[in-house]
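Single-structure report; data block below.
The values are calculated or read from the model by the stated rules, or taken from the named source; none is laboratory data. Bear in mind that the values here come from a model prediction, so they are computed numbers and not experimental data. Positions of Cβ are generated from backbone atoms using ideal geometry, with glycine treated the same way; all protein chains shown enter the neighbour counts. These area figures cover heavy atoms from the full protein model, side chains too; ligands, DNA and RNA do not enter into them. Shrake-Rupley method; radii C 1.70, N 1.55, O 1.52, S 1.80 Å.
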Amino acid sequence: MEKFRFLTAGESHGKCLTAIIEGLPANLEIDVDFINNELKRRQGGYGRGGRMKIESDTVEITSGVRFGKTFGAPITLVIYNKDFENWQKIMSSLPEDYTEEKSFTTYRPGHADFAGSVKYNQKDLRNILERSSARKTAIEVAVGAVAKLFLKQFGIKGSSKVLQISNATSEDDMYKAIDEAKAAGDTLGGKFEVAYENLPVGLGSCVHWDRKLDGRLAQAVMSIPAVKSVTIGNPNVCEMSGSEYHDEIFVQDGKISRKTNNAGGLEGGMTNGENIVLTAVMKPIPTLRKPLNSVDCATMEPTQAHFERSDTCAVEACSVVAEARIACVLANEILLKFGGDCVEDYNLEKFKK
Ligand code: EPS
């Protein structure tokens, strides 16, 4: 019973990425510059590759918004892939355009190539790469930006930061690690944090496993390409005792207050009014300029993994994607708890702290 729903479509080198969003109230102001700025944030970060020099992502809204405001209809967002110009024939939907150019048969370890080709019975691994590629996170960030505009009405705001790249934790060391990996034809992963502030108490639920907000957030972030772990709250939880970890409860100005936030804003699967704080780890990108050993699925002979072009490190971009995914989950929770058909149905005064 989701209230904020969206579906995306589009391939990495196809014509465009598309999303249809459903469930937002009417009369919500849609600031296109804000959406485009979020897209720009996702394209940035040290260690991005050649593709980002081609793309300059901007959104086109083709339904659901008139004169800058929603009116209750589904919203369609489109981002055109500039690189499609170079791939028109290769990505054509027409059978008469068939070409083997850019098709490939060698699995990249760590990518979706092997399992995807078995699952969908594809001999050309491009048919798996195109949709499993992290390119689609561009349109997800656009959807997340729309969710953020909804959350803004309630004063709810997100942010993110990179905490670690490989072993490096200082900014200088992170840059250096990326430079070294790039020179070696290698890739690096890392750790990032996302925080959301000004949340009302009681989003999520303690009564069913599938309504617990910590579970929903973990799923939303874990399913971003290359994310391998998600922790809510203090990442040192394993080493801490109960008396050290749990956030003691006080009263300040007649309100419940905490001096610590080890729980990361969630207790019993519900928001407790503190900031939501989540850390996640992204694995190194699997497309390596210095390829790993693999197998050619056409001949079953050993060979080297496929390489075209890749990023060295995309942890910063990943943190922006995570912010967007969390915005979608929180927008859904706000709609479930307070849902209305138009912005005027919400008592926004109630959310002012
Ligand atoms: C990706 C491979 C690269 C990345 C891409 C994700 O694309 P290309 O093969 O076109 O060089 O740049 O990420 C994006 C295009 C993006 O917008 O983030 C992959 O294989 O997942």
For the chain, using Cα atoms only, the Rg and Dmax in Å read 21.8, 73
Quick calc, Asn293 & Ser103: beta-carbon distance into FRET formula, R0 22 Å, rounding 0.05, result 0.55
Measuring from the longest principal axis of the C-alpha atoms of the chain, the long axis of helix 171-183 (C-alpha) lies at a number of degrees, nearest 10, equal to 20
Here FRET efficiency (C-beta to C-beta, Asp210 to Ile249, R₀ 25 Å, nearest 0.05) is 0.35
Expected unfolding gain across Met222-Lys152 under the 0.36 nm per residue rule, minus the alpha-carbon gap, is 22.7 nm
accessible surface per residue for the chain, probe 1.4 Å, DNA/RNA/ligands not counted, whole Å² -> 52
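Report the gain in length on full extension from Tyr175 to Val237: 0.36 nm times residue separation, minus Cα-Cα distance, nm rounded to one decimal.
Numbers: separation 62, 0.36 × 62 = 22.32 nm, distance 2.90 nm.
Gain in length upon complete extension: 19.4 nm.
Beyond a 18 Å Cα-Cα separation, which of these cross-linked pairs lie in this structure: Lys3/Lys337; Lys69/Lys350; Lys15/Lys228? Mind showing how you got there, number by number?
Details: Lys3/Lys337 10 Å; Lys69/Lys350 23 Å; Lys15/Lys228 30 Å.
Table pairs above 18 Å Cα-Cα are Lys69/Lys350; Lys15/Lys228.
May I ask you to derive the FRET efficiency for Lys337 and Met300 from their Cβ-Cβ distance with R0 = 45 Å, giving the value to the nearest 0.05? Before the final figure, lay out each step's value.
Values: r = 54 Å, r/R0 = 1.21.
Once the sixth-power term is evaluated, E becomes 0.25.
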Between the residues Ala168, Ala112, Pro291, the Cα farthest towards the positive end of the dipole of the chain, that dipole coming from +1 and -1 charges on the beta-carbon of Lys, Arg, Asp and Glu, is from Ala112
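Ignoring ligands, DNA and RNA, what percent of the accessible area of the range 5-351 is carbon or sulfur (1.4 Å)?
Solvent-exposed carbon and sulfur of the range 5-351 make up 51 percent of the total.
Based on Cβ point charges of +1 for Lys and Arg and -1 for Asp and Glu, what charge dipole magnitude is obtained for the range 5-351 about its Cα centre, in debye rounded to the nearest 20?
Details: 41 positive and 47 negative charges, 54 e Å.
So the dipole magnitude of the range 5-351 works out to roughly 260 debye.
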